[in-house]
Amino acid sequence: MWWDERVSARFRRNLQPTLTYWSVFFSFGLCIAFLGPTLLDLRCQTQSSLSQITWVFFSQQFCLLLGSCLGGVFKRTLAQSLFALFASSLAISVVFAIIPLCHNVVVLAVVMAVAGLAMGCIDTISNMQLVKIYQKDSAIFLQALHFFVGFGALLSPLIADPFLSDTNCILSNSTANASSNLPHIRKSLVPHHPGNLSHYDLPMKGMVVTRVSYAFWIMALINLPVPIAVFFLLYKERMVPCFSSSSHPLLSADELAMETRPPEKDDLSTSAQRPPAAGGHDDLFSCCQSKNFRGASYTYFAVHITGALVLFMTDGIVGEYSGFIYSYAVEEPLSVVHKVAGYLPSLFWGFITLGRLISIPVSYRMKPATMVFINVVGVLITFLLLLIFSYSVVFLFVGTASLGLFLSSTFPSMLAYTEDILQYRGCATTVLVTGAGIGEMVLQLLVGSIIHDQGSYSFLVCGMIFGGLAFTFYSFLLFFHRMYPKPLADLDDASPDKPAVTDDTGQYQR
């Protein structure tokens, strides 16, 4: 294997929980990408207008953000985390199954809000649990985790595509003109920004003809093994109520030695100088309590804030670029044919998924800080070249692929880097997940408004500004990392078998 024996042994000890968290993130990806392609068919199903159906986007995104904030509530015990993941992954299958039964846009928005809450919990808890298990070795496993969300996000539109309506799915006397523009309308829909699509005459009354229900039922079945996998993990850990009286599995001799080994002197001195605020991974509201701030240095807060701001910008770029690249391409000066421009969002997400796959082995050889630096510099340079060659359709495709590669590993690398700075004792996971979610929602709304007022060229200008801000915030993070108090002795470098912190045994922690 291309990683060393220590990491390999640790992975084997935690194989089932690791695979379970990866599968749960596949469920997250499956749910995050289906709404865009299917929105017009859902509009027909609910017999609503374009402006009404785009509120379904908002309900999902807002509740995803809320779920990310609340996800840390379930971190207190492993049982709480696993039960939350079981409920969330099962809720996603249930949501897929009942979406075809929602014939009112308000009911559909409520159902998507439930899906958003489940996705937010999955996002926070899965990242948090992998960091807890692997700590200093978590970077490679976080990269794999985020590959699975990309894989799920690629799969769900492919499942939906054969069942999407080729003509307007509400039959009336005025369907002919709208049907000819349906592919353009479908690819131009983004949250809260139907934009200049309002002049298209899409009927709201008539006979509904759509087969999209089959796509949702297929996705419900594909997702069903995920909650089953979480249930089996609960069963293995003796956390299913009917098995709660059973004894826990015995540890092997080597694992027992790791569990019972007393903390060494240097570990005690290390933990003694950690700031009192660094009490562990909490939910966002617990992190903001004043009692957690006592004795913490300003660099403790600065690391959290600057790390979240970097992801606010980079995840915001992912949201706004995937949402508006089609609209930018079909407008002047490029005026790309609608069918050709439709490949751009798929190309972008495809290279994000490819980049996450490549990052799995790369992250073992390269430090997270270096990977984030390459990412933010690459994003900045790509936007600069896109501005310089703004009249080149070929470079638009090249730049879109390049941007997907550079953005692909930013989140897991930043999470691993920030947690490493804080010695796995702060609120980094919750704060970073929340910051990324806010950025993806806010920057998409902001860019949509700017494009509507200033024209399509402002799309690249906004990306350049956001990339520059991401680089600036990362530079501040590097500065605060240098200022952050370090342990008296870092024995991890000297002894590869030494745990990262005193309670890190390499075992799956209950």
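The values are calculated or read from the model by the stated rules, or taken from the named source; none is laboratory data. Bear in mind that the values here come from a model prediction, so they are computed numbers and not experimental data. Positions of Cβ are generated from backbone atoms using ideal geometry, with glycine treated the same way; all protein chains shown enter the neighbour counts. Side chains are part of the model used for accessible areas, which takes the heavy atoms of the whole protein and leaves out ligands, DNA and RNA. Shrake-Rupley method; radii C 1.70, N 1.55, O 1.52, S 1.80 Å.
Net charge near residue 421: determine it from the other residues with C-beta under 11 Å of the C-beta of residue 421, scoring Lys and Arg +1 and Asp and Glu -1.
Around residue 421, the surrounding residues sum to +1.
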Fill in: Accessible area expressed per residue, segment 83-124, with surrounding protein chains retained (probe 1.4 Å, Å²)
32 Å²
Response to the item:
By the mean-Cβ-within-10 Å protection proxy, highest first, 231-239, 384-392 rank as 231-239, 384-392
Worksheet item: Spin-label point model (7 Å from Cα, Cβ direction): what's the residue 339 to residue 364 distance in nm?
Response: 4.4 nm
Worksheet item: For segment 296-486, which whole-number percentage of the solvent-accessible area (1.4 Å probe, protein heavy atoms only) is attributable to carbon and sulfur atoms?
Response: 72 percent
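How much accessible area per residue does segment 370-456 have, in Å², with a 1.4 Å probe?
Working: 2820 Å² over 87 residues.
I get 32 Å² per residue for this part.
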Discussion item. If I model a spin label at residue 232 and residue 298 as a point 7 Å from the Cα along the Cα→Cβ vector, what separation in nanometres do I get?
Written reply: 5.3 nm
Worksheet item: What number comes out for the charge environment of residue 456, summing +1 per Lys or Arg and -1 per Asp or Glu over other residues with Cβ under 11 Å away?
Response: -2
Discussion item. If the only charges are +1 at each Lys and Arg Cβ and -1 at each Asp and Glu Cβ, what is the size of the charge dipole of segment 296-486 around the Cα centre, to the nearest 20 debye?
Written reply: 660 debye
Fill in: Prolate/oblate/rounded label for segment 344-451 (Cα gyration tensor, a/c 1.5)
oblate
Worksheet item: For residue 100, what charge total do you get from the other residues with a beta carbon under 15 Å from its beta carbon, if Lys and Arg give +1 and Asp and Glu give -1?
Response: +1
Worksheet, complete the sentence: Highest mean packing first, using Cβ neighbours within 10 angstrom, the peptides 34-43, 440-449 sort as 34-43, 440-449
Item to complete: Determine, for each peptide in 146-157, 22-33, 345-356, the mean count of other beta carbons within 10 angstrom over its residues, then list the peptides with the highest first.
Response: 22-33, 146-157, 345-356
Worksheet item: What FRET efficiency do you get for residue 346 and residue 465 if R0 is 30 Å and r is their Cβ-Cβ distance, rounded to the nearest 0.05?
Response: 0.70
Discussion item. So if each residue of separation counts as 0.36 nm, and I subtract the Cα-Cα distance between residue 211 and residue 450, what length gain in nm does that give?
Written reply: 82.4 nm
